[in-house]
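Derivation of every value follows stated rules applied to the coordinates shown; laboratory data play no part. All values derive from a computational prediction rather than experimental measurement.
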Amino acid sequence: MSFRKTLLMLLAASTIAASAFAQTTTTGTVTTQTTSPPIGLASSETIQVNLTNTASNSSSGTAASCAGTVAFLTASGATIGSASSFTATSGQTASVSLPFAKSGATGTRTEIRAVVSVTFTSDVPCSITSSLETYDTTTGVTHVYLANGNAAGAYGAPGGQGGGPGGH
């Protein structure tokens, strides 16, 4: 067999092996962590993260459920208080908020960012869509609204039915 044919056969075999590896199913749990951009928060405002599980219950009867935490951080990266836990079943929205008065900031304005951690469990449908907003604490009028939709990145968790990013 020529060197060229041998090389082509090895390349084909390695491609097939790589394809088989890429199709394996993730088992256990995977936790993802994403962060929002810094958002200015005035003394009259509250910042809130909203997380909706858009996954349906599986055809095998497994209930859709997303669980995780939301933490708010100062401009220096220090966590404000402790992270708040959330759980969202199919179609349910969970919200976590922080009023300026509890931010520990002095003065009339500070920069805050949110860190969202979501734990995906194999075979449990979870698809998170998220938004971040600031609103007037007294009137409820929204000042800033950012949404990432149903995708990885920004400040929400990656989507994917079946318990993991991208549908694993």
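Counted over segment 79-147 with a bin width of 10 Å, the fraction of Cα pairs per bin, in whole percents, is 14, 44, 30, 10, 1.
With all pairs of different alpha carbon atoms counted, what Kirkwood hydrodynamic radius in Å does segment 29-167 show?
On the way: mean 1/r = 0.0660 Å⁻¹.
Averaging 1/r across every pair of different Cα atoms and inverting gives 15.1 Å.
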